Amino acid sequence: MRAHTYLNVKRAAFLSVSALALSIASVTPAAAEEEFELLEVTVSDLQEAYEDGTYTAEQVTESYLERIERYEDHYNAFTFLNDQAIEDAKASDERIQNGEAGTLEGIPVVIKEAVDVEGFQSTFGWEGFGPDSSISIVPELDAPIVQDLRAEGAIIVGKTNIPAFSTSGTRADTSWAGDTYNAVDRALAPGGSSSGTATAISGNFAVLGVAEETGGSIQNPAAAQSLVSVKPSFGLVPNTGTTPLAANTRDVLGPHSRSVEDAAIMLDVTAGYTVQDPKTIAAIGNIPANGYADSLSEDSLEGKRIGLYGEGWRDEELSEETEELYERSIEELEALGAKVVEDPFAGSEFIDVMEQYGNIGYEALVSDFQAYLDRLNPSGDLPSIAELFEQAEEVPWAEGGPLAHFGNRGVDFEEDLQNPYDIPKQVEFTKARTAYLHIVDQVIEDHDLDGFVYPQMSEEIPNLHGGDHSATTVLEINMSGLPLVTVPAGNYESGSPFSLAFFGEMWSEQELLAMAYSYEQETNYREAPVLEQPEQDESVIRNIQPTEDQTLQAGESVRVSFEGESGLEASFAIRIPLFTRAAAPTEIMMREVEDGYYEGYWTATNNLQVEGAEIEIKAIDQEGQEFREVAEGRLSIEQ
């Protein structure tokens with residue numbers, strides 16, 4: 001029996017990676033991106049622009065979607081796009097005009113594939129549950145974090161790529177959708193498992209992104225792509241509605257952003273208790289009354305006592321270049337008024353605790369899976385997790401599968417699937433977390449520390465298909481449940497990003513974000529990546545007309561033509577500059593009037609007044625490959 005789609009996926013636009021051209025060899029330096037008007041825009045920037053009428057949420061959303069269309073086939077950040085995003089943006093514009101704007105009104109946001117969005121297929125990133133499989137799992141409910149974002153007006157742009165079952169902290173190569181590429185440099189690993197979210201935010205495909213972490217999956221991709229991120233205290237942000245690995249012990253959801261302030265704003269929206277996730281009761285009383293964003297100050301490092309990385313934390317040396325970059329960061333912290341404490345964990349037996357307990361907390365994986373399915377399908381017509389795996393062509397815990405190594409982490413799939421509602425007590429994990437927190441709290445007290453600042457990585461980011469991301473703070477932070485904030489801190493000589501990790505005691509997000517903000521504002525190390533496009537075959541679209549600028553009056557027409565191979569599906573669009581506050585016309589189809597000669601016409605209407613609009617031609621060949629070129633002549637319209 002096939003697990004059926006019980007909610008029509010009317011809101012999802014599938015992106016099939018098999019139809020995308022992803023050849024690194026076809027890229028040249030000349031294929032660099034054109035100027036993007038919203039490059040590095042922040043939440044505050046958009047809020048001000050919406051308020052003063054500079055532009056609308058609809059225009060902003062359309063601009064991001066056009067950028068995604070231009071670059072997605074080369075970076076593969078998304079699994080699904082929301083075909084209702086423009087309609088959602090129009091609704092945001094109405095609320096803004098009516099004075100009913102939420103905290104994130106009209107802000108484009110992307111959601112990690114592992115997080116439920118109503119109407120979008122939940123694939124776990126695994127081919128066995130992917131769009132081409134016989135199994136279709138479609139949530140009837142948004143995850144609580146998505147509900148919170150929507151309630152404050154966020155525009156959901158789409159869902160982002162992950163490795164199968166989110167099991168890699170380095171790359172997404174096991175995803176049914178294929179590799180995701182690093183926006184900073186396609187040759188580098190993108191970080192995992194929130195690979196697509198990091199690429200989408202670093203590549204300026206949206207403003208904010210939802211990431212998720214069990215073992216580095218928020219911090220690693222953020223560090224790999226020069227982003228700010230927050231791995232929150234366990235229980236601060238609801239993780240219900242997320243495909244689990246360790247739902248009741250380690251899984252957390254947090255923001256990816258390009259600035260500390262944006263991360264703090266998103267945390268203000270998503271943190272706190274919800275009845276849908278009993279774990280979040282621990283957040284009550286642990287959220288600052290004035291919020292996270294209002295606590296930011298450029299002076300927040302003044303007088304702070306900061307613990308530094310050393311052998312007491314982990315017996316792992318930093319590479320020579322990492323050491324040099326870290327030393328520079330320490331000098332920058334001291335210049336901002338911080339007092340640093342060398343290796344505060346020395347003599348604390350912290351490493352002994354890590355070695356004693358190892359990498360645990362996954363024992364309830366099967367029961368977590370079942371609870372996840374029960375929640376997304378209140379109508380109850382979805383098979384159990386055991387029945388779903390029976391229907392799959394293969395099981396993910398087989399040798400070589402994405403969950404194969406969990407057999408060494410306390411999970412007995414065959415036995416647990418017989419009783420998926422039996423929840424293990426996980427006593428050893430409780431002991432481990434208690435031991436970790438006891439030592440961390442004692443070290444903080446003994447040295448009167450306000451937090452810790454470590455290099456997030458011990459060496460530079462590996463190549464796309466090279467080694468693993470060498471994080472300094474993954475196992476310890478996830479076993480303990482402590483919060484952590486990443487912030488860009490420069491680059492290796494190769495251009496690979498270098499990042500710092502600010503972390504501290506439970507519920508210290510307010511202080512960590514404030515210190516990270518102080519460092520960010522002083523150093524400003526993040527640089528917007530310059531995206532590349534595949535080199536296109538110049539013979540496909542050639543001799544484009546018009547070649548000179550034209551000015552039209554209402555009612556006058558422009559003829560657009562080009563030469564190319566016969567049998568193309570061709571169209572053109574007038575790309576009106578965003579800030580003209582004019583609505584762009586729809587795509588105009590072109591016809592092949594002679595063998596290999598295409599033309600089409602567009603007539604100016606009396607509701608447009610623009611200057612310097614681009615005319616972009618799109619042609620799709622018989623194999624489905626898409627090509628785009630922009631005419632040399634620009635178009636202006638006068639009334």
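The values are calculated or read from the model by the stated rules, or taken from the named source; none is laboratory data. Predicted model, so just to flag it, every value in this text is computed and none were measured. For neighbour counting, all protein chains shown are included, and Cβ atoms are generated from backbone atoms with ideal geometry for every residue, glycine included. Ligands, DNA and RNA are stripped out before the accessible areas are found, and what is left, the full protein with its side chains, is counted by its heavy atoms. Shrake-Rupley method; radii C 1.70, N 1.55, O 1.52, S 1.80 Å.
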- Task: Test each condition in (1) in contact (Cβ under 8 Å) with a residue 60 or more places away in the chain; (2) within 15 Å of the chain's Cα centre (by Cα); (3) closer than 25 Å to Glu460 by Cα for Met266 and report the one that comes out false.
- Result: (3)
- Query: Which one of these does Gln147 not meet: (1) open to solvent by 10 Å² or more (accessible area, probe 1.4 Å); (2) modelled with pLDDT under 95?
  - Reply: (2)
- Message: Can you pull out every residue in region 387-402 that is β-branched (Val, Ile, Thr) and open to solvent by 50 Å² or more (accessible area, probe 1.4 Å)?
- Response: none
- How many residues, within region 103-144, are under 18 Å from Ala77 (Cβ atoms), out of contact with any helix residue (DSSP H, G or I) (no Cβ under 8 Å at 6 or more places or on another chain) and crowded, with 24+ Cβ neighbours inside 10 Å? 1
- Item | Filter result (part of a loop (DSSP other than H, G, I, E, B) and out of contact with any Pro (no Cβ under 8 Å at 6 or more places or on another chain)) within region 237-261 | Val237, Asn239, Thr243, Pro244, Leu245, Ala246, Ala247, Asn248, Thr249, Arg250, Arg258, Ser259
- Restricting attention to region 71-116, and to residues there that are part of a loop (DSSP other than H, G, I, E, B) and charged (D, E, K, R), which single residue is farthest from the chain's Cα centre (by Cα)? Glu100
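Let's see how each residue does on (1) surrounded by 14 or more Cβ atoms within 10 Å (Cβ to Cβ); (2) in contact with a strand residue (DSSP E or B) (Cβ under 8 Å, 6 or more places away or on another chain); (3) within 30 Å of Phe406 (Cα to Cα):
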{"site": "Gly291", "(1), (2), (3)": "yes, no, no"}
{"site": "Glu302", "(1), (2), (3)": "no, no, no"}
{"site": "Asp343", "(1), (2), (3)": "yes, yes, no"}
{"site": "Tyr357", "(1), (2), (3)": "yes, no, yes"}
{"site": "Gln370", "(1), (2), (3)": "yes, no, yes"}
- Taking interchain pairs and intrachain pairs at least six residues apart, which have beta carbon atoms under 9 angstrom, with the first residue in region 544-562 and without any contact (Cβ under 8 Å) to a residue 60 or more places away in the chain and the second open to solvent by less than 70 Å² (accessible area, probe 1.4 Å) and not in a strand (DSSP E or B)? Gly555/Ala604; Gly555/Thr605; Glu556/Ala604; Ser557/Ala604; Arg559/Pro546; Ser561/Pro546; Ser561/Met590
- Give the residue, chosen from Ser300, Ser348, that is among the polar types (S, T, N, Q) and either more than 27 Å from Met457 (Cβ to Cβ) or over 29 Å from the mean Cα position of the chain (by Cα) (or both). Ser348
- Message: If I filter region 183-200 for residues that are surrounded by fewer than 24 Cβ atoms within 10 Å (Cβ to Cβ) and charged (D, E, K, R), do I get at least one hit?
- Response: yes
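Okay, residues lined up against (1) charged (D, E, K, R); (2) touching a Pro at 6+ places or on another chain (Cβ under 8 Å):
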position: Val41; (1), (2): no, no
position: Glu69; (1), (2): yes, no
position: Lys90; (1), (2): yes, no
position: Arg95; (1), (2): yes, no
position: Ala101; (1), (2): no, no
position: Ile107; (1), (2): no, no
position: Val110; (1), (2): no, no
position: Thr123; (1), (2): no, yes
position: Ser134; (1), (2): no, no
- With respect to Ala263, is the statement that it is touching a Ser or Thr at 6+ places or on another chain (Cβ under 7 Å), buried (at least 20 other Cβ atoms within 10 Å of the Cβ), small (Gly, Ala, Ser) and closer than 24 Å to Gly410 by Cα true? no
- Message: Glu522 - would you say it is open to solvent by 40 Å² or more (accessible area, probe 1.4 Å), in contact with a Leu (Cβ under 7 Å, 6 or more places away or on another chain) and part of a helix (DSSP H, G or I)?
- Response: yes
- If we ask which residues in region 617-639 are open to solvent by 10 Å² or more (accessible area, probe 1.4 Å) and under 16 Å from Pro546 (Cα atoms), their number turns out to be 7
- Item | Residue tally, condition open to solvent by less than 30 Å² (accessible area, probe 1.4 Å), within 12 Å of Arg628 (Cα to Cα) and at pLDDT below 90, over region 538-579 | 2
- Message: Among the residues that make up region 121-132, is at least one of them aromatic (Phe, Trp, Tyr) and either closer than 18 Å to Thr270 by Cα or not in a helix (DSSP H, G or I) (or both)?
- Response: yes
- Note on the structure: Scanning region 32-61 residue by residue, those surrounded by 12 or more Cβ atoms within 10 Å (Cβ to Cβ) and outside any loop (DSSP other than H, G, I, E, B) turn out to be Val43, Ser44, Asp45, Leu46, Gln47, Ala49, Tyr50, Ala57, Glu58, Gln59, Val60, Thr61
